[in-house]
1. Tell me, which helices (runs of 4 or more DSSP H) wholly within region 136-239 include 1 or more residues that are assigned by TED's automatic domain parsing to the domain that holds LEU327 and at pLDDT 90 or above?
2. When you go through GLY304, GLY249 one by one, which is the residue that is at positive phi and either at pLDDT 90 or above or surrounded by fewer than 15 Cβ atoms within 10 Å (Cβ to Cβ) (or both)?
3. Evaluate the following for ILE92: is it in the same structural domain as VAL119 (by TED's automatic domain parsing), assigned to a strand (DSSP E or B), in contact (Cβ under 8 Å) with a residue 40 or more places away in the chain and not small (Gly, Ala, Ser)?
4. Would you call ASP111 in a helix (DSSP H, G or I), modelled with pLDDT under 90 and either acidic (Asp, Glu) or farther than 30 Å from THR298 by Cβ (or both)?
5. In the list THR315, THR335, which residue meets the criterion of being among the hydroxyl-bearing types (Ser, Thr, Tyr), surrounded by fewer than 23 Cβ atoms within 10 Å (Cβ to Cβ), modelled with pLDDT of 95 or more and at negative phi?
6. Against the conditions (1) touching a residue at least 24 places away in the same chain (Cβ under 8 Å); (2) part of a helix (DSSP H, G or I); (3) closer than 19 Å to ALA23 by Cα; (4) not β-branched (Val, Ile, Thr), where does PHE75 fall short? Just the number, please.
7. Could you tell me whether LYS361 is basic (Lys, Arg) and part of a helix (DSSP H, G or I)?
8. Name the single residue that is surrounded by the most Cβ atoms within 10 Å (Cβ to Cβ) among those in region 58-72 being part of a helix (DSSP H, G or I) and in contact (Cβ under 8 Å) with a residue 12 or more places away in the chain.
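The values are calculated or read from the model by the stated rules, or taken from the named source; none is laboratory data. Just so we're clear, the structure is a prediction, and the values are computed from it rather than from any experiment. Here Cβ is always computed from backbone atoms with ideal geometry, including for glycine, and neighbour counts include all displayed protein chains.
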Amino acid sequence: MKIEDFFNQRNVIELSFFNFENAITAAYFAKENLEIVKVNDNFRKFFPVLGNVSNAYFPDVLTQLGVTSEQVEQFVQEINKKGWVLIPKVPINIDGNEKIYSLLSTRTCNDSFSYLNGVQGQFVDRTEEWALRREREDLLEQKIRDREVIEQKTVQLENLATRLAKYLSPQIYQSIFSNEGKTIEKHTRKNLTIFLSDIVKFTDLTDTLEPEKLAQIINSYLSEMSAIALENGGTIDKFIGDAVLVFFGDPESEGEREDALKCVEMSLRMKQRVKELQKHWKKLGVVNEISIRMGIATGYCTVGNFGSDLRLDYTVLGSPVNLAARLESMAEPNTILIDENTKNLIEEDVNCKEFDSFIPKGFSRSIQVFKVKDFISSKHRTQRKKLSHVGERVEINVLDSSDIHAAMKELREIQKYLEEEFKESN
């Protein structure tokens with residue numbers, strides 16, 4: 001006789017199930033063949049639709065609860081193969097409401113009481129936990145979507161800023177896209193140095209060149225002049241056909257004298273650069289050399305936004321602008337004319353020659369005009385970057401100075417090509 005024969009089977013099972021009877025989970029105990037022996041009160045409370053499940057086959061109970069066939073099969077396979085099973089998410093629809101449970105089951109083994117050998121398990125209600133998890137996942141997904149939208153908008157703004165940069169001088173661009181943007185909304189009166197230049201006999205070029213060639217030449221000219229203006233701290237006001245209007249002293253200034261010196265240095269560099277590009281322009285169809293005239297005047301101007309609600313133009317107004325235009329128009333090809341105010345600011349550093357005097361329209365007195373030769377000191381001349389070189393055997397001319405690193409890379413590639421080419425021939 002075995003020890004289990006001395007005890008009441010029902011009482012032993014009840015005793016072994018005591019902890020589960022009072023558990024907050026839906027607990028069950030089944031025989032080894034998965035026939036349900038006992039369930040606790042919470043099991044009946046959780047799943048009232050089942051009614052009495054005693055002696056029912058547990059996988060059939062799962063099916064009756066609406067558990068998917070895949071999960072039922074998973075339960076049977078794992079409990080038979082591993083002796084335990086954990087299914088973390090079991091959706092069950094109860095009275096139209098979906099609840100989420102996790103199912104934990106394990107085989108029990110008792111040497112003294114064979115009828116305790118079976119499968120014991122429980123359903124744990126994870127509905128709130130999964131709701132919180134879903135909420136967290138939704139928030140995370142929303143955050144990812146928001147980040148994608150922000151990244152997309154950032155790219156759009158960067159593209160817009162890049163396009164705007166082509167239409168604005170760096171100083172104005174920086175004012176708009178920085179916290180100092182409000183400063184450009186004001187109209188201020190400042191002492192500025194104004195520069196104006198144009199191409200001599202530009203109409204002849206437009207009449208003789210094909211539109212594509214003309215566009216190449218003008219774009220090349222304006223690009224190079226713009227680069228020089230920006231290098232010297234000038235604010236590019238506008239292009240009017242072939243004419244270039246630049247001013248110094250706003251929005252940044254290093255003092256009236258330094259502004260005027262920078263303007264003159266810019267003019268001399270422009271003159272040098274035009275000379276360097278003559279051969280390139282000739283290949284594009286220019287018959288005679290391109291010459292430019294430049295006029296510089298210094299005086300008080302009003303600077304700020306002018307225009308309508310639909311379109312504003314950040315520009316300068318005042319008699320110095322008109323005077324610079326008059327000086328430019330009376331300048332000889334490839335010369336720089338300045339007014340007396342500018343000459344007084346730069347005469348200690350720049351060699352100027354008296355040119356003429358006249359009374360411009362709208363002015364009450366005669367204006368003394370001077371022609372700029374060059375800086376007295378060689379310091380400025382030695383600092384100027386030469387973008388062309390004529391040696392004994394090689395001539396180099398950088399056609400586009402906007403990306404000097406790309407030009408240097410191209411030169412290195414040419415050097416490498418020539419080295420390989422002559423290496424093979426030797």
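1. The helices (runs of 4 or more DSSP H) meeting that bar are 211-231.
2. Values: GLY304 fails: either at pLDDT 90 or above or surrounded by fewer than 15 Cβ atoms within 10 Å (Cβ to Cβ) (or both).
Only one candidate qualifies: GLY249.
3. On the way: in the same structural domain as VAL119 (by TED's automatic domain parsing): yes; assigned to a strand (DSSP E or B): yes; in contact (Cβ under 8 Å) with a residue 40 or more places away in the chain: yes; not small (Gly, Ala, Ser): yes.
Taking the combined requirement at face value, the residue satisfies it.
4. Values: in a helix (DSSP H, G or I): no; modelled with pLDDT under 90: yes; either acidic (Asp, Glu) or farther than 30 Å from THR298 by Cβ (or both): yes.
Against the criterion (in a helix (DSSP H, G or I), modelled with pLDDT under 90 and either acidic (Asp, Glu) or farther than 30 Å from THR298 by Cβ (or both)), ASP111 does not qualify.
5. THR335
6. Only one criterion is unmet by PHE75, namely (3).
7. Numbers: basic (Lys, Arg): yes; part of a helix (DSSP H, G or I): no.
Spelling it out, it is not the case that LYS361 is basic (Lys, Arg) and part of a helix (DSSP H, G or I).
8. By that ranking, first place goes to PHE58.
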